[in-house]
Amino acid sequence: MSKIAFIFPGQGSQYPGMGKELAQSFSTARQVFEEADEALGFKLSELCFSGSEDELKLTANTQPAILTTSIAVLRVLEQETGLKADYLAGHSLGEYSALVCSDALAFADAVRTVRARGTFMQEAVPVGTGTMAAMLSIEKDVLEEICREAAQGEVLSPANFNSPGQIVIAGSTAAINRAIEIAKGRGFRKAMLLPVSAPFHCALMQPAADRLSVVLDAVNVSEMSLPVVANATAMPNTAQELVRSLLVTQVCAPVLWEQSVSEMVSLGVTRFIEIGPGKVLCGLVKRIAKDAVNANVEDIASLKLLQN
């Protein structure tokens with residue numbers, strides 16, 4: 001039996017108007033946005049449907065906005081297609097969407113937690129002192145060597161292992177700039193700064209991890225109905241008692257996305273459905289698992305394609 005994985009996008013997939021069409025057409029989607037508005041005490045729905053790109057780009061807004069849109073899409077998908085997953089995974093922030101899908105986290109708790117997570121990550125590092133860069137077509141061990149050489153006592157490390165030949169690094173801005181220069185000097189021309197507001201998934205995020213830990217201690221974690229492949233380990237988890245520690249570890253640890261997808265393929269997954277805004281993860285899966293079937297669902301048109 002071939003297996004299905006539901007995968008959920010992370011930061012960077014947001015766009016103005018996301019979720020609006022589904023919320024207008026399906027009460028199940030509309031209820032998710034209403035629940036988010038109530039949980040947060042402000043109109044997150046309006047931010048998603050008609051907010052500006054700049055407002056949506058603020059990390060404290062981006063995280064609950066993507067989570068809410070993803071869960072709204074998920075509820076419609078469940079209702080309209082009856083499709084069921086065997087495994088779940090999400091890229092960084094997307095891990096929270098996966099945990100809601102697995103029943104480990106109640107949606108209202110998750111949306112409040114990621115609002116706090118976004119705030120903590122933004123406040124962990126003064127603006128401008130840290131950043132991230134995509135390093136393309138560089139092997140993992142070569143890139144780790146470049147990071148060691150460029151660090152010069154500052155924080156610099158791989159942050160996202162996204163797909164073969166696409167690794168993102170994070171750290172202090174000066175160290176990142178040195179790494180790009182070293183890479184170019186070695187003939188790796190495809191190295192570029194990313195338009196992010198903070199250096200996620202590196203040691204500079206430790207203050208955010210500490211603060212998130214306190215928030216998560218107060219959040220109820222329920223028994224999981226489906227395994228969630230964790231970013232920090234690239235292994236499926238069904239133990240509710242590990243959920244909090246994996247989410248705290250994830251803040252400073254690299255996102256092992258390539259390894260997570262490979263693990264799901266080894267467990268028999270042949271079909272990946274990206275649920276939420278954008279198609280970023282579909283693109284990554286295509287590069288990691290060339291034989292897998294890919295689809296994304298984010299609006300009525302993509303939902304209809306899936307139903308056919």
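Tabulated results
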quantity: Residue that is surrounded by the fewest Cβ atoms within 10 Å (Cβ to Cβ) [pool: residues in region 261-285 that are farther than 20 Å from Val73 by Cβ and not aliphatic (A, V, I, L, M)]; calculated: Ser266
quantity: Long-range neighbours under 8 Å by Cβ, at least six apart or interchain, first residue at negative phi and among the acidic types (Asp, Glu) within region 204-227, second in a helix (DSSP H, G or I) and at pLDDT 95 or above; calculated: Asp217/Arg244; Glu223/Gln240
quantity: Residue satisfying all of: in region 157-192; in a strand (DSSP E or B) and over 19 Å from the mean Cα position of the chain (by Cα); modelled with the lowest pLDDT among these; calculated: Met192
quantity: Members of region 118-136 found to be of a type in the set (Gly, Ala, Ser) and surrounded by 15 or more Cβ atoms within 10 Å (Cβ to Cβ), listed by number; calculated: Gly118, Ala124, Gly130, Ala133, Ala134
quantity: Subset of region 232-263 [of a type in the set (Gly, Ala, Ser) and either on the phi > 0 side of the Ramachandran plot or out of contact with any strand residue (DSSP E or B) (no Cβ under 7 Å at 6 or more places or on another chain) (or both)]; calculated: Ala232, Ala234, Ala239, Ser245, Ala253, Ser262
quantity: Those helices (runs of 4 or more DSSP H) lying entirely in region 208-308 with at least 3 residues within 16 Å of Ile7 (Cα to Cα) and of a type outside the set (S, T, N, Q); calculated: 257-266, 280-288
quantity: Region 1-18, subset of a type outside the set (A, V, I, L, M, F, W, C) and within 18 Å of Thr81 (Cα to Cα), residue surrounded by the fewest Cβ atoms within 10 Å (Cβ to Cβ); calculated: Ser2
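Per-residue answers, yes or no, for (1) in a helix (DSSP H, G or I); (2) in contact with a Pro (Cβ under 6 Å, 6 or more places away or on another chain); (3) modelled with pLDDT under 95:
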site: Leu67; (1), (2), (3): yes, no, no
site: Ile71; (1), (2), (3): yes, no, no
site: Val76; (1), (2), (3): yes, no, no
site: Ala85; (1), (2), (3): no, no, no
site: Ala89; (1), (2), (3): no, no, no
site: Leu99; (1), (2), (3): yes, no, no
site: Ala104; (1), (2), (3): no, no, no
site: Ala110; (1), (2), (3): yes, no, no
site: Pro126; (1), (2), (3): no, no, yes
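Every residue, every condition in (1) surrounded by fewer than 24 Cβ atoms within 10 Å (Cβ to Cβ); (2) of a type in the set (Val, Ile, Thr), yes or no:
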{"residue": "Gln24", "(1), (2)": "yes, no"}
{"residue": "Arg30", "(1), (2)": "yes, no"}
{"residue": "Ala36", "(1), (2)": "no, no"}
{"residue": "Leu40", "(1), (2)": "yes, no"}
{"residue": "Ile66", "(1), (2)": "no, yes"}
{"residue": "Glu80", "(1), (2)": "yes, no"}
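The values are calculated or read from the model by the stated rules, or taken from the named source; none is laboratory data. It should be emphasised that the depicted structure is a prediction, and the values quoted were computed from it without experimental measurement. Please note: Cβ atoms are built from the backbone with ideal geometry, for glycine as well, and neighbour counts cover all protein chains shown.
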